[in-house]
Amino acid sequence: MRNAVLFTTFLFVISIAGAKGGPTVDGTLPPNYVPSGKLTYRLYCASCHGIDAKGQGPFASMLKVPPADLTTLAKRHDGKFPYDYVSDILRFGPGPTILHGSSDMPTWGSIFQYFDKNNERAVEQRIRNLCNYLASLQEK
């Protein structure tokens, strides 16, 4: 549990330091800014799931259960990308299930709520963008 908290804090710091795209004149992001799915993936997911989403990120070996290969989500759900399933995992976390992995994965919904100052529409758009990006990575 301690490692999960430290890792989440580390990701939070990296995400703030690495946020890019559309800064205003004074260097801050506009209040309605929602990053692309690709940028969101790189900031929050790639460290565990890998830049190619196959579960081989640089922090993967530190987890109790290896991260999922996100390029096979559609294959594992009868050939159709499971938008609702992925959205729920992102918003509420995986819980301690053997099918998805350990609860080392952060619950991104609450983190996005914080980033977006409790703007539910922005959180939904962030998750939608990320789901669309993951859907684009599916193996054929």
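The values are calculated or read from the model by the stated rules, or taken from the named source; none is laboratory data. Just so it is clear, the model here is predicted, and its values are computed rather than measured. A quick note on method: Cβ atoms are made from the backbone with ideal geometry, for glycine too, and the neighbour counts reach across all protein chains shown. Remember, those area values only see protein heavy atoms, side chains included, never the ligands or the DNA or RNA. Shrake-Rupley method; radii C 1.70, N 1.55, O 1.52, S 1.80 Å.
Structural remarks
- Residue separation of I51 and S36 scaled by 0.36 nm, minus their Cα-Cα distance, works out to 3.9 nm of gained length.
- Once you reduce the stretch 104-125 and the stretch 41-84 to the center of their Cα atoms, the two points are 19 Å from each other.
- Förster radius 41 Å - calculated FRET efficiency between K64 and T28 (Cβ-Cβ, nearest 0.05): 0.60
- Taken per residue, the accessible surface of the stretch 33-140 reaches 56 Å², heavy atoms only and a 1.4 Å probe.
- Net length gained if the chain between N119 and R91 were fully extended (0.36 nm per residue, minus Cα distance): 8.7 nm
- Cross-link partners of K75 among lysines, defined as those whose alpha carbon lies under 17 angstrom from its own and excluding same-chain residues fewer than eight positions apart: K54, K140.
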